[in-house]
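Bear in mind that the values in this text are calculations on the coordinates, not laboratory data. Note that the structure is predicted; figures quoted are calculated from it, not measured. Because the Cβ atoms are built from the backbone with ideal geometry, glycine has one as well, and the counts that use them run over all protein chains shown.
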Amino acid sequence: MQEVFTRYINYLDAERNASRYTVRNYTRDLLAFFGYLKSREISSLNEVDRQVLRGYLSYLMKEGFARVSISRKLSAIRSFYRYLIREQLVAASPVADTSSPKLDKRLPKFLTPEETVRLLEAPDSATARGQRDRALIELLYASGLRVSELASLNLEQVNLETNEIRVWGKGSKERMVLMGKPAAAALTGYLSRGRPELLGAKRNSALFLNRNGGRLTERSIQRALGKYARAAGIKKRVHPHLLRHTFATHLLDGGADLRVVQELLGHASLVSTQIYTHVSQSRARKVYLSAHPLAQETVDEPGD
């Protein structure tokens, strides 16, 4: 079982070009599944049938796992068995007719324009690290980049003449993202002053550097956003993906076409982008109910 698992993980990484998050999550979820099988004294994948799988799902629910976590674990097992069938290691998948738990539809959170401005102005642009952080926050908001895409950016991917950035997203798919004048100005300032100071005598092609001249990590970016959100008095939990949500929501609020937003976000399916239309509609409804005089609830006068 261990040998097959190792081959599958290598397949995800080398042939499927899965993101490191997918590889990490599938690895963790499958190891947990194998641990359950071992506790039930099941030593062969051919012994896993629908009854065993139902028992595993029941175990996860009793352990208090959220439905979204159970759904993700089931997706990992489903993908694993597709691979096993392709390699002719099993005859059928016990997951084929098993539906994922129905998930609650939660609208993505986002920052208001006012909160966004406060966050952008939080870094101290008089310091090298402040210039770097202002540039990366501007870029996250201006482009909708994933934090993994931002952290992996190299200098040669950025074109400040056209304000474009070449990005390799999920599955190593290439796309071009855009940035407006404020992001380009912040990036120009960082490249001319902040980055040379952080780089020192070292050589590094990474766009965003840490204080030692190495590549800035995703975790460092997440920590920086949290710090600046607190400094800006923002009560929401601010993380890189929140800025991606904010980017998409503000574009649609401004009248952008859904398919253009899909392309900018790098979504393979329009379905993934459509959730932001619900955010815009929800916000539009709140504005309507608070602003339209005949939409507001009337208060009965005494004696009516």
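Quick notes on this one:
- Think of region 2-86 as a dipole: +1 on every Lys or Arg Cβ, -1 on every Asp or Glu Cβ, centred on the Cα centre; then among VAL4, PHE65, TYR26, PHE65 lies furthest on the positive end.
- The chain - mean residue ellipticity at 222 nm from DSSP helices (-39,500 (n - 2.57) per run, n ≥ 4, rounded to 500): -17500 deg cm²/dmol
- Values of log10 I(q)/I(0), in the order q = 0.08, 0.10, 0.11 Å⁻¹, for the chain under a Debye, Cα-only, solvent-free model: -0.50, -0.73, -0.85
- Alpha-carbon centroids, region 173-199 and region 124-155: separation in whole Å: 7 Å
- Where Rh is the Kirkwood radius over Cα pairs, Rg/Rh for region 1-123: 1.12
- Given their separation in residues at 0.36 nm each and the Cα-Cα distance between them, ASP257 and GLU114 gain 49.1 nm when the chain is fully extended.
- Residue of GLN222, GLN88, GLN262 that the Gaussian network model of the chain assigns the largest fluctuation, springs spanning Cα pairs under 10 Å: GLN88
- Alpha carbon convex hull of region 52-173, volume per residue in cubic angstrom: 199 Å³
- Calculated Rg and Dmax of region 136-186 using C-alpha coordinates, Å: 10.1, 31
- What the Cβ-Cβ distance of SER148 and LYS227 gives, at R0 = 25 Å and to the nearest 0.05, is a FRET efficiency of 0.80.
- Neighbour counts of C-beta atoms inside 10 Å place ASP253, ASP124 in the sequence ASP124, ASP253, starting with the fewest.
- Residues considered: LEU153, LEU84, LEU265. Largest GNM mean-square fluctuation over the chain, using C-alpha springs under 10 Å, is found at LEU84.
- For region 140-174, backbone nitrogen atoms closer than 15 Å to the point 7 Å from ARG16 Cα along Cα-to-C-beta are found at 170-172.
- Under the Karplus curve 6.51 cos²θ - 1.76 cosθ + 1.60, θ = phi - 60°, whole-Hz ³J(HN,Hα) for region 74-89, x wherever Gly or Pro sits: 5, 5, 5, 5, 4, 5, 4, 6, 4, 5, 4, 5, 4, 8, 6, 8
- Contact order for the chain, expressed relative to its length and based on alpha carbon pairs under 8 Å spaced 6+ residues apart, stands at 16 percent.
- The modelled label-to-label distance for the pair THR127/LYS170, using points 7 Å beyond Cα in the direction of Cβ, is 3.6 nm.
- Selection from VAL48, MET179, SER79, by position along the positive dipole direction of the chain (Cβ): VAL48
- Considering all different alpha carbon pairs of region 113-289, the Kirkwood hydrodynamic radius works out to 16.8 Å.
- Rounded FRET efficiency, nearest 0.05, which uses the C-beta distance separating VAL23 from SER58 and R0 of 25 Å: 0.35
- Taking 0.36 nm per residue of separation and subtracting the Cα-Cα distance, full extension of the segment from SER44 to ARG215 would add 57.2 nm.
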